[in-house]
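This report concerns only the one structure given below.
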Amino acid sequence: MDTLVFHFPYGENPMSIDHSTRTQLIDSLEKFVRERLIPLEAIVEKEDRIPSDVVEEMKTMGLFGLSIPEEYGGLGFNMLDDVTVNIIFGHTTPPFSTIFGTNIGIGAQGIVIDGTEDQKKKYLPQMASGQIISAFAMTEPGSGSDAASLKTTAIKDGSHYVLNGTKRYITNAPEAGIFTVMARSDPKTPGSAGISAFIVERDSPGLS
Ligand SMILES: Cc1cc2nc3c(=O)[nH]c(=O)nc-3n(C[C@H](O)[C@H](O)[C@H](O)COP(=O)(O)OP(=O)(O)OC[C@H]3O[C@@H](n4cnc5c(N)ncnc54)[C@H](O)[C@@H]3O)c2cc1C
């Protein structure tokens, strides 16, 4: 196996987790990628899945909660830390970082940024530990680049909403326990202004 040399253009980042913890974690992630993940690339390619023991190791290392705030069970990484981790994982095949990257990225950030306190307390610790994996469902068969044209509807019915529509290309969909689903809650308002985000649990009636 070729020896990899990792270059980090970033110095100490005072706004992030403390320097020695960060250095230790980065060292262990480099080793993990080099010694554990890269040798598995051919297996991932052949079997089209990440071995479950590797996913469990990633959970133990905290990867599923990297940028989830510490108060909700994550490591509280900031953007710079996140970029550094992505550089490290850029040395191996993308599926390894996609499974946790989607979870802490588009899967979690809607709740981190705009969730209620109850939603944060309910979902983020489970996501940070990897107990549930999250996905973000925006793209539809007739709506990709022009995301604001999406057709999935969300109609209020008493105290809840009924969502109707089809999504596609949703990363983590087969494994996800919760989805942030973008749907048109105001049919009279075209474009993005009529769209809202909904947290949909996997066992919600009618989800397939
Ligand atoms: C690996 C992968 C993971 C994904 N994960 C997710 C996910 O987790 N959640 C989710 O919601 N979606 C996800 N997507 C979907 C992704 O966001 C869409 O594929 C993307 O928005 C493009 O939509 P489309 O595939 O329908 O292509 P289209 O929008 O139909 O575009 C087709 C082509 O036309 C070009 N084009 C489109 N409009 C214009 C224009 N006005 N002018 C010039 N050229 C144009 C595009 O550049 C492209 O080359 C994922 C896609 C991939 C490939």
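Residues in region 169-202 that are open to solvent by 90 Å² or more (accessible area, probe 1.4 Å) and either modelled with pLDDT of 95 or more or within 14 Å of the ligand (Cβ to nearest atom) (or both): TYR169, PRO174, GLU175, ARG202.
A single entry from LEU29, LEU75 fulfils the requirement of being in the same structural domain as ILE106 (by TED's automatic domain parsing), within 23 Å of PRO125 (Cβ to Cβ) and in contact with an Asp or Glu (Cβ under 9 Å, 6 or more places away or on another chain): LEU75.
Only helices (runs of 4 or more DSSP H) whose full extent lies in region 90-166 are considered here, and the ones with at least 3 residues that are open to solvent by 50 Å² or more (accessible area, probe 1.4 Å), without any contact (Cβ under 8 Å) to a residue 60 or more places away in the chain and away from the ligand (no atom under 16 Å from the Cβ) are 117-129. For region 44-63, the set of residues classified as open to solvent by 60 Å² or more (accessible area, probe 1.4 Å) and not in a helix (DSSP H, G or I) consists of ASP48, ARG49, listed by residue number.
In the set (1) in contact with a helix residue (DSSP H, G or I) (Cβ under 9 Å, 6 or more places away or on another chain); (2) at pLDDT 95 or above; (3) closer than 15 Å to TYR72 by Cα, the condition left unmet by ASN103 is number (2).
Among the residues examined, ASP82 qualifies as out of contact with any Leu (no Cβ under 6 Å at 6 or more places or on another chain), closer than 15 Å to THR98 by Cα and at pLDDT below 95. Of all the criteria given as (1) modelled with pLDDT of 95 or more; (2) open to solvent by less than 40 Å² (accessible area, probe 1.4 Å), the one not satisfied by ARG34 is (2).
The values are calculated or read from the model by the stated rules, or taken from the named source; none is laboratory data. Please read all numbers here as calculations on a predicted model, not as lab measurements. For neighbour counting, all protein chains shown are included, and Cβ atoms are generated from backbone atoms with ideal geometry for every residue, glycine included. What goes into the accessible areas is simple: the full protein's heavy atoms, side chains included, and nothing from ligands, DNA or RNA. Shrake-Rupley method; radii C 1.70, N 1.55, O 1.52, S 1.80 Å.
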